[in-house]
1. Which pairs break 21 Å Cα to Cα here: LYS9/LYS211; LYS107/LYS211; LYS72/LYS211?
2. Specify whether the C-alpha gyration tensor of the chain places it in the rounded, prolate or oblate class, a ≥ b ≥ c being the square roots of the eigenvalues: rounded for a/c under 1.5, otherwise prolate if a/b is larger than b/c and oblate if not.
3. Among 209-218, 170-179, how do they line up by average Cβ neighbours within 10 Å per residue, starting with the highest?
4. For the stretch 25-170, build the charge dipole from Cβ charges (+1 Lys, Arg; -1 Asp, Glu) around the Cα centre, then report which of MET47, PRO101, MET113 sits farthest towards its positive end.
5. How big is the Cα convex hull of the stretch 1-88 in projection, averaged over all directions, in nm²?
6. Starting from the Kirkwood Rh over alpha-carbon pairs, what translational D in µm² s⁻¹ does the stretch 179-225 have by Stokes-Einstein at 37 °C and 0.692 mPa s?
7. Residue-wise, which Karplus ³J(HN,Hα) couplings in Hz belong to the stretch 139-156, taking 6.51 cos²θ - 1.76 cosθ + 1.60, θ = phi - 60°, and x for glycine or proline?
8. Label-point separation (nm) for GLN174 and ALA190, each offset 7 Å from Cα along Cα-to-Cβ?
Amino acid sequence: MTARTTELKIDIARVGAVSALLMMPDKPRACYVFAHGAGADMRHAFMDRVAAGQAERGIATLRYNFPYMEKKQGRPDPPAIAHAAVRMAVEEAARQCPDLPLIAGGKSFGGRMTSQAQSKAPLPGVRGLAFLGFPLHADNKPSIERAAHLAAIDIPMLFLQGTRDRLADLSYLQPVIAELGAKARLHEVAGGDHSFLVLRKSGRSNEEAMKEVLDTLAAWINELV
């Protein structure tokens, strides 16, 4: 399936403009608005793979930078600024794809900022949230404090998590998702780390693990819309 990519600028009030990339397949069924993780921008290889993989599966994507990454500053934005960026990205997706259902989320930090924004006030037009490695806690320091806001979200959520993810101990994440009930779904990628990379001894390749992520994400979006 062919897809075209358009470079965009998204203006965030009192902060400035950030870059964005819209990838549009020929006959899209939905648009996934997704943000990058804390340490890499929207052009990181992981983000490229997700966008291209979803385009192959008939899903448009809009990915974007947070202001700190656009300005090449090391420290992530305060939550209020990150939430504003999420909202403006969703608004831009609605303008660019007026006839498509919207899904929002992202990789790690980007997914968490999206869920926080949704918990404070619904993101207009967004039907569900999809997280590519939700960062439940700091590296190898299990806790559930970062999940408290999820209870305030009323739309469906998909958590794609590697079973070796040091930022989401499954013994902590599984009860959190169970408590959220039918609106939340967990898909565990066997042997995957926070970026779904697997060990050689697992018997499968990183490409196979990533295909599982992309297939599961696209299937969930298709089911939702």
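1. Those over the limit are LYS9/LYS211; LYS72/LYS211.
2. Note, shape of the chain comes out rounded.
3. 209-218, 170-179
4. Toward the positive end, the furthest listed residue is MET47.
5. For the stretch 1-88, averaging the hull's shadow over all directions gives 5.4 nm².
6. Estimated diffusion coefficient is 275 µm²/s.
7. With coefficients 6.51, -1.76 and 1.60, one gets 3, 6, 10, x, 6, 10, 4, 5, 9, 4, 6, 5, 5, 7, 9, 10, 9, x Hz.
8. Label at GLN174, label at ALA190, 1.5 nm between them.
The values are calculated or read from the model by the stated rules, or taken from the named source; none is laboratory data. Here the structure is a predicted model, which means the values were calculated and not measured. Every residue, glycine among them, receives a Cβ derived from its backbone with ideal geometry; neighbour counts consider all protein chains shown. Keep in mind that these areas ignore ligands, DNA and RNA; they rest on the heavy atoms of the full protein, side chains included. Shrake-Rupley method; radii C 1.70, N 1.55, O 1.52, S 1.80 Å.
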